[in-house]
Each structure stands twice: as structure tokens, then as C-alpha cells.
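Throughout, read-outs are computed from the coordinates displayed, never taken from laboratory work. Quick caveat, the model's predicted, so the values are computed rather than measured. In this analysis, Cβ positions are derived from the backbone assuming ideal geometry, glycine residues included, and neighbour counts consider all displayed protein chains.
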Amino acid sequence: MQRFLDPAVLAGISGLDLIAKTVVDGFVAGLHRSPDFGFSQEFAEYRAYTTGDDLRHVDWNLFARTDRCYLKRYRGETNGQLTILLDASNSMKFGSHAVSKMDYARYIAASLFYLAIHNQRDPAGLLVFDDEVRNYIRPSTRQGQLHRLLAGLEQAEPMARTDFTKPLTHLQEFLNRRGMVVIISDFYDSPEAIAKTIEPLRFHGSEVVLFHVLDPQEIKPQIRAPSILVDLETEQKLEVIPEYARGEYRRRMDAHLQGMRDQSRAAGLDYYLLVTDQPLDEALSQYLYLRPGGR
């Protein structure tokens, strides 16, 4: 089932609706260790058993099949609002293989929307931003909401520069119920500034998750000759040599990633690095674990 979560395979599928269904169905089948075992109508999700959980909620039939201990979480216990903030700045256009960062971000968002609305019956909404709010679809479970959200993702095109201030200020005006806020971005800014700007979202009682999307070439660039790199947001050019890419660049990138982890932890934000050549199951797993009622 991992092939259904492979971004290179997903790139060959036409339509975000089919991509989302493919990802979620593949993920659920993998989670339950059986292609025939899906979500029933009576409950919303499973989560792994942890010490202290009530054994009355363990699915013993599933345990017999998989030798793993999972708890059923019923819809009345798990309902929570999902809002996704999607970075549509110019730097998200970059891609060194079949899937750009923007495509990968769309796949994640579409899959989370499908999982939230179709499987959990949770209200879900979308905010697309760069240095301005480009689109905002309020969280809802009304008929056609999934279609509206997927259309919003399809229409999101990278432009301008990243600025978290305006979109987050905008969102705070509408956050009036507990839920989960997922921010999908390449986070090219100071980790301290990012954490400081995003942290206030937690004051509304929301769980805040940062999905840091990067291309593998941004983490470990393979430069074999002197090259000119162009900043997609500022158009600033920088000439680099292979030695710089292998040495100083990687040290700076490692420091940035460590800074994102440290600053997020200090601000009470959940942070995950996602690389665009890797399957999408990490994002879906964290969503199920972190959402209200999932821990």
C-alpha cells in the first residue's frame, strides 16, 4: 500500500479528489494491516493503545488480525475543527523531481480534508496565503464543503513572498472553537520569528501543527560544478561552488532545521519535516494522533 502514498505515483493521477481518496484509502488499509479493513459507519478512527487507556475500547478482533492494540474512537468523542493554512509563496514552486513543494503541499492538504470530512465528519476550512490572504474558506461540514476545499487547493498558485503576519492575524479573528490548525509551508524565515508569530494561535485552545515541506535538493543539494542559484521570491542570485554546497550550506540548513524544531517545541507547536520524495503517511499519522480526542 506504500505505493499509494508515493508522491511520484500520485503525480500521475488526475484530480485532487482522486488523489486524496487514493492516499487515505491506502493509508487506512496500511494502518489496519489489511486491504479489506476500512472505517465502518459506527466509529471515526483508530489510535494506538497507550498505557492507562481503558481496555474496554480496545478492538480485540483487530488485535487478533494484526497483533497490534488499537482503540476505537467514536465520532461523538473525536469531533474537532480542522483549519489548514497553505503557503502559496513563490518558493513553493521549486521541485527537483516529479513533485514540486506546492504539489506535495496540495496532496497533504487534500488528504487531510478527505480524512477529516469523509471519515471523521469534522468541519474543515482553508486559508491560502503568501504575503496576503489569497483565499479563505470557513470551516464547515455543509454539503459540498470537500469540493469547495479541493477547488481552493487547485486554484492556489505560488506568487509573491511569504509573510505569516497578515494571514495569522486574519485567522485569529475567526477562530472561535477548539480544533487543529495545520500550517503547510517551506518556512523560509527565522525560526524565532516564525514561532513568535504562530504561537498566539494556541491561545484559542487549538492544537497547532507545522508541516515543514522541503525538496530533497534543498536539504542536501547535489551541485557538481559552479552554479548560480536564484531566490524564487526575491530573484536574488548567488554563485556557489560544490564545496560550499557540501559544507557551509549544509551546516546552515541543519542549523535552520534544528532551530525550527527547538523554537516550535518551546512555543508548544508540533513540528514535522516532510520531504517531497517521501510517502505522505507521516502527515496523516500525526493528524490522527494530534487531533482532539486522538491522543
Place the peptides 259-267, 118-126, 102-110 in order of packing, highest mean first, counting for every residue the other Cβ atoms within 10 Å and averaging per peptide.
102-110, 118-126, 259-267
What is the set of long-range amide H partners of TYR271 at a cut-off below 5 Å, with H atoms built 1.01 Å from backbone N?
LEU210
Residue by residue through region 150-157, what is 3J(HN,Hα) from phi via Karplus (6.51 cos²θ - 1.76 cosθ + 1.60, θ = phi - 60°)? Round to whole Hz and write x for glycine and proline.
5, 5, x, 5, 4, 7, 6, 10
Listed residue pairs exceeding 25 Å between alpha carbons, taken from LYS21/LYS166; LYS166/LYS220; LYS101/LYS166:
LYS21/LYS166; LYS166/LYS220
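What do the square roots of 5 times the Cα gyration tensor eigenvalues come to for region 81-290, in whole Å, largest first, as semi-axes of the equivalent ellipsoid?
So the equivalent ellipsoid measures 30, 18, 16 Å along its semi-axes.
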Loop only by DSSP, 15 or fewer other Cβ within 10 Å of the Cβ. Give me the GluC sites (Glu not before Pro) in region 193-280 that pass, ordered by residue number.
GLU235
Exposure proxy ranking, count of Cβ atoms within 10 Å, fewest first, for HIS204, HIS147
HIS147, HIS204
List, in order, the whole-Hz ³J(HN,Hα) value for each residue of region 160-169 obtained from phi through the Karplus relation with A = 6.51, B = -1.76, C = 1.60 and θ = phi - 60°; use x for Gly and Pro.
6, 10, 7, 8, 6, 5, 5, x, 6, 4
Using 1/(1 + (r/R0)^6) with R0 = 45 angstrom and r between the beta carbons of ARG148 and ILE241, what's the FRET efficiency to the nearest 0.05?
0.40
Length released on extending from GLN217 to THR165, taking residue separation times 0.36 nm less the Cα-Cα span:
15.9 nm
Quick note on THR66, THR276, ordering by fewest other C-beta atoms within 10 Å, gives THR66, THR276
The FRET efficiency for TRP60 and SER285, from their Cβ-Cβ distance with R0 = 30 Å and rounded to 0.05, is 0.85
Report the FRET efficiency, 1/(1 + (r/R0)^6), for ASP131 and ARG178, where r is their Cβ-Cβ distance and R0 is 30 Å, rounded to 0.05.
0.55
Please rank HIS256, HIS97, fewest neighbouring Cβ atoms within 10 Å first, as an exposure proxy.
HIS97, HIS256
State the extension gain, in nm to one decimal, for the chain segment bounded by ASP67 and SER190, taking 0.36 nm per residue of separation less the distance between their alpha-carbons.
39.8 nm
Taking Cα pairs closer than 8 Å and at least 6 residues apart, the relative contact order of region 81-290 in percent is 24 percent
Any chance you could run the full-extension gain for GLU157 through ARG261? It's 0.36 nm times the residue separation minus the Cα-Cα distance, nm to one decimal.
34.7 nm
